[in-house]
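Written out below as structure tokens is the structure these notes cover.
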Amino acid sequence: MSIGAVVIGRNEGARLERSLQALAGQVAQIVYVDSGSTDGSVAAARGLGAEVVELDMKHPFTAARARNAGVAALSEEITLVQFLDGDCILRDGWLAAAEAHLNAHPQLAVVCGRRREEHPETSIYNSLVDAEWDTPPGEARACGGDALIRLEALRAVGDYRAEMIAGEEPELCQRLRRAGWQIWRLEAEMTWHDAQITRFSQWWRRSLRAGHAFAEGAALHGAGPDRHWVAETRRALLWGALLPAVILLLALLLPWAAVGLMLLYPLQLLRLIRRGGAAWGFFTLLGKFPEALGVLKYHIRRDGRIIEYR
């Protein structure tokens, strides 16, 4: 099999250069898809031997659209594509392990591994992201932005859904699984990731984007057997919108009842802390507020504009 790489990014700077350097000599073709960088990323990518696709920014940008553009630029002999975000660095040995697993299991469409934050110590937000990537090996329901995918399977289901502003990978995996393919997560190191989330406002925007992804995923596939992201959407609305609205209403009519409902939050916080620790529990509960805003944004605006946190 012949492996190509599609890397997407905008203004990633030195991180993009490291990403492309790590791919050199490991794949037959590297395609970098740029979405309006102003930091010299295009010239740097060309200088490192990548084929560059510059998206027409007159049309709404999405990561899904960028990945599709990269796939369209791959040569005919490519049969497997390693997708990477421009802030990720491929780990040594990953491609060999992933390709071998795909060769041994023809029913698999996607293989992914362990993505790690390169600097989890930089902020509490980076450490939370690192924990988010730590999912169990075995058959999975979805992959993230970094994954090795059979082009045959990707094209059979119509590529990524280009209009999705977030959550395009789980949505793709829903269609792959319904078409009879499987997704597999290996217990192998795949990539280093550099989230660079150092401010609360960045974490808030990232959580808002997650809520938008939950809502759109549930709207597309919530009626299916997996009830895709229905529970996540409902939890966001319950804790981040419905309960606060009811508490405010009761505060005007029945203050004692409002106080009683408010006690649900510390009880839920204690439950989450027992499950995943103090920091994870606190930010998981707090995150329901921006997630709820993201859900509402999807249903009210649907303007197609990407939600960025950097």
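For the chain, what is the mean residue ellipticity at 222 nm derived from helices alone (per DSSP H run of n ≥ 4: -39500 (n - 2.57); sum divided by total residues; nearest 500 deg cm²/dmol)?
Taking each H run of at least 4 residues, the total per residue is -14500 deg cm²/dmol.
Using the number of other C-beta atoms within 10 angstrom as an exposure proxy, rank 152, 189, 12 with the fewest first. Intermediate results must be reported in sequence, preceding the final value.
Working: 152 11, 189 16, 12 26.
Starting with the residue having the fewest Cβ neighbours, the order is 152, 189, 12.
How about the range 70-111: which GluC sites (Glu not before Pro) there lie in a loop by DSSP and see at most 11 other Cβ atoms within 10 Å?
Here the GluC sites (Glu not before Pro) that fit, given the DSSP loop and packing criteria, are 76, 77.
Could you go through the range 209-220 in sequence order and give the Karplus-derived ³J(HN,Hα) for each residue, using 6.51 cos²θ - 1.76 cosθ + 1.60 with θ = phi - 60°, rounded to whole Hz, and x for Gly and Pro?
Along the range 209-220, the couplings run 5, 4, x, 4, 5, 4, 5, 5, x, 5, 5, 7 Hz.
What does the charge dipole of the chain about its Cα centre add up to, to the nearest 20 debye, if the Cβ of each Lys and Arg holds +1 and the Cβ of each Asp and Glu holds -1?
Computed about the Cα centre, the dipole is about 1300 debye.
When the chain is modelled as a GNM with alpha-carbon springs shorter than 10 Å, which of 104, 292, 131 fluctuates the most?
104
Using a basic spin-label model with each label point 7 Å from the Cα along Cα→Cβ, how many nm lie between residue 257 and residue 226?
Reported label-point gap for residue 257 and residue 226 is 4.0 nm.
Quick one, what does Rg over Rh come out to for the chain if you take C-alpha atoms and the Kirkwood Rh?
1.00
For residue 140, which sequence-distant residues (separation of 5 or more, or a different chain) have an amide H within less than 5 Å of its own amide H, given hydrogens modelled in the peptide plane?
Hits under the 5 Å cutoff: 183, 184, 185.
Looking at 81, 120, 96, which one has the Cα that reaches farthest to the positive end of the dipole of the range 51-120 (charges on Cβ: Lys, Arg +1; Asp, Glu -1)?
Ranked along the dipole, the leading option is 120.
In a Debye calculation with equal point scatterers on the alpha-carbon sites of the range 96-240 and no solvent, what is log10 I(q)/I(0) at q = 0.09, 0.20, 0.21 Å⁻¹?
The Cα Debye sum returns log10 ratios of -0.30, -1.33, -1.39.
Provide the packing ranking of 243-250, 217-224, i.e. peptides ordered by the mean count of other C-beta atoms within 10 Å per residue, highest first.
Those peptides, ordered most packed to least, come out 217-224, 243-250.
So which residue, out of 291, 54, 117, gets the largest mean-square fluctuation from a GNM of the chain using Cα contacts under 10 Å as springs?
Judging by the Gaussian network model, the answer is 54.
Please report 282, 83 as a ranked list, fewest other C-beta atoms within 10 angstrom at the top and most at the bottom.
282, 83
Angle between the Cα long axis of helix 124-133 and the longest principal axis of the chain, 0 to 90 degrees, nearest 10?
Value to nearest ten degrees: 60.
Does the range 50-173 classify as rounded, prolate or oblate by the C-alpha gyration tensor (a ≥ b ≥ c root eigenvalues; a/c under 1.5 gives rounded; else a/b over b/c gives prolate, otherwise oblate)?
The shape class here is oblate.
To the nearest 20 debye, what charge dipole does the range 181-285 have about its Cα centre, counting +1 at the Cβ of each Lys and Arg and -1 at the Cβ of each Asp and Glu?
The calculated dipole for the range 181-285 is roughly 260 debye.
Which Cα, out of 52, 180, 292, lies furthest along the positive dipole direction of the chain (beta carbon charges, K/R +1, D/E -1)?
Result: 292, furthest along the dipole toward the positive end.
In µm²/s, what is D for the range 76-149 at 37 °C and 0.692 mPa s, where D = kT/(6 pi eta Rh) by Stokes-Einstein and Rh is the Kirkwood radius from Cα pairs?
240 µm²/s
Starting from the Cα-Cα distance between residue 100 and residue 199, subtract it from 0.36 nm times their residue separation and give me the gain in nm to one decimal.
This chain segment gains 31.6 nm when fully extended.
Which whole-angstrom value gives the distance between the alpha carbon centres of the range 73-124 and the range 165-202?
About 11 Å separates the Cα centre of the range 73-124 from the one of the range 165-202.
Compute all pairwise cysteine Cβ distances in the chain, then list the cysteines with no distance under 4.7 Å to another cysteine.
Cys with no partner Cβ under 4.7 Å: 88, 173.
Please work out whether the range 251-294 counts as rounded, prolate or oblate from its C-alpha gyration tensor, where a ≥ b ≥ c are the square roots of the eigenvalues and a/c under 1.5 means rounded, while otherwise a/b larger than b/c means prolate and anything else oblate? Provide the component values of the computation, followed by the final result.
Details: a/c = 4.53, a/b = 1.59, b/c = 2.86.
In terms of gyration-tensor shape, oblate.
State whether the range 186-310 is rounded, prolate or oblate according to the following rule on the C-alpha gyration tensor (a ≥ b ≥ c being the square roots of its eigenvalues): a/c under 1.5 gives rounded; otherwise a/b larger than b/c gives prolate, and the remaining case gives oblate. List each step's numbers first, then the result.
Working: a/c = 1.71, a/b = 1.37, b/c = 1.25.
Note, shape of the range 186-310 comes out prolate.
Rank by packing, highest mean first: peptides 139-150, 269-280, with packing defined as the count of other Cβ atoms within 10 Å averaged across residues.
139-150, 269-280
Of the listed peptides 23-31, 163-171, what is their order by residue-averaged count of other C-beta atoms within 10 Å, with the highest listed first?
Top to bottom by mean Cβ count within 10 Å: 163-171, 23-31.
Any read-out appearing in this document is the output of simple, stated calculations on the displayed coordinates, not a laboratory observation. Fair warning: this is a prediction, and the values are worked out from it, not measured in the lab. All Cβ positions, even for glycine, are placed from backbone atoms using ideal geometry, and neighbour counts span all protein chains on display.
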